[in-house]
Amino acid sequence: MSRRHIGREKFGFAVDRGPHCSLDKLARLIDWVPVDHCLYVISCAAKGEPAWPPIALFKAILLSIWYDLSDVKLAEALDDRGSFRRFCGFSTQETTPERTAFVRFRKALVAHGLDKTLVDEITGQLKAQAIHVKTGTLVDATIIASASQDDEEGNWVKHKGRPAVHGFKVHVGADADTALVEEIAVTPANINDGKAGPDTLPDNPGEVFADSAYCGNHFGDA
């Protein structure tokens, strides 16, 4: 299946928005070649449509993790924010993916066993270039609604005072000093935080900070 070509600016008057932000610097620190090579097997387009470049979708998924964005909010931010567009390789005028593209891409990552592998690759690269003393790990979870209630991989969850949601739960372990995401675990939304929490702990977590949902021996022992 063919793939879209992105990042081509149309002729027009450029607007100088000043110096680029820290996200632009971060993009230059990462070697995307090995990531792009691993993503070659993935195509996430609806039937008959050119596919979005997998590397652009993966960069968008990283932004959703770093900025704690749902697929809907990610699509909105990518359409609106220049720094997000530049990070993912989109020009200022062209259209950007809808949330369904991220849903299909995330499922494809899991199907090929690339979800944790590629996040570990990025984390390893950044760690190799930054020296810091780890003082702790922040652990928390975010609910992501499934694209369809017929998705058998997701499940229902309901919190007090909130409507029930069918989908998944993303458990994240981040460095307490830098907020750099080090580990992620994706489960159906009804899985208890404490049960999935150990999968978000790095090898050397230091002092761990988590809310009461992670109380219990299973997480405590880990």
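The values are calculated or read from the model by the stated rules, or taken from the named source; none is laboratory data. Quick caveat, the model's predicted, so the values are computed rather than measured. Quick reminder, even Gly has a Cβ in these numbers, built from the backbone with ideal geometry, and neighbours come from all protein chains shown. Remember, those area values only see protein heavy atoms, side chains included, never the ligands or the DNA or RNA. Shrake-Rupley method; radii C 1.70, N 1.55, O 1.52, S 1.80 Å.
A few comments on the model shown:
- Globularity ratio of the range 139-206, using Cα Rg and 2.2 N^0.38 Å: 1.20
- Restricted to Cα atoms, the range 91-222 shows a radius of gyration and a Dmax of 16.4, 52 angstrom.
- Exposure ranking of Lys59, Lys25 by accessible area [1.4 Å probe, largest first]: Lys25, Lys59
- Coil-residue trypsin sites (Lys or Arg not before Pro) of the range 152-222, DSSP, other Cβ within 10 Å capped at 12: Lys158, Lys160
- Computed over protein heavy atoms with a 1.4 Å probe, the carbon and sulfur contribution to the accessible area of the chain reaches 53%.
- Exposed loop sites were defined as chymotrypsin sites (Phe, Trp or Tyr not before Pro) in DSSP loop states (anything but H, G, I, E or B) carrying at most 10 other C-beta atoms within 10 Å; in the chain the longest segment without such a site runs 14-222.
- Ranking of Glu182, Glu94, Glu153 by solvent-accessible surface, largest first: Glu153, Glu94, Glu182 (1.4 Å probe, protein heavy atoms only, all chains present).
- Cα-derived Rg over Rh, computed across the chain with Rh taken as Kirkwood radius: 0.97
- Order of exposure, largest accessible area first, which applies to Val165, Val139 with probe 1.4 Å: Val165, Val139
- For the range 61-139, pairs of C-alpha atoms spaced more than 15 angstrom apart make up 66 percent of the total.
- Simple point charges give the picture: +1 on the Cβ of Lys and Arg, -1 on the Cβ of Asp and Glu, and for the chain a dipole about the Cα centre of about 700 debye.
- 15 Å tail of the calculated P(r), the range 23-93, as % of Cα pairs: 57
- For the range 86-153, the set of trypsin sites (Lys or Arg not before Pro) satisfying both a DSSP loop assignment and a count of at most 16 other C-beta atoms within 10 Å is given as Lys134.
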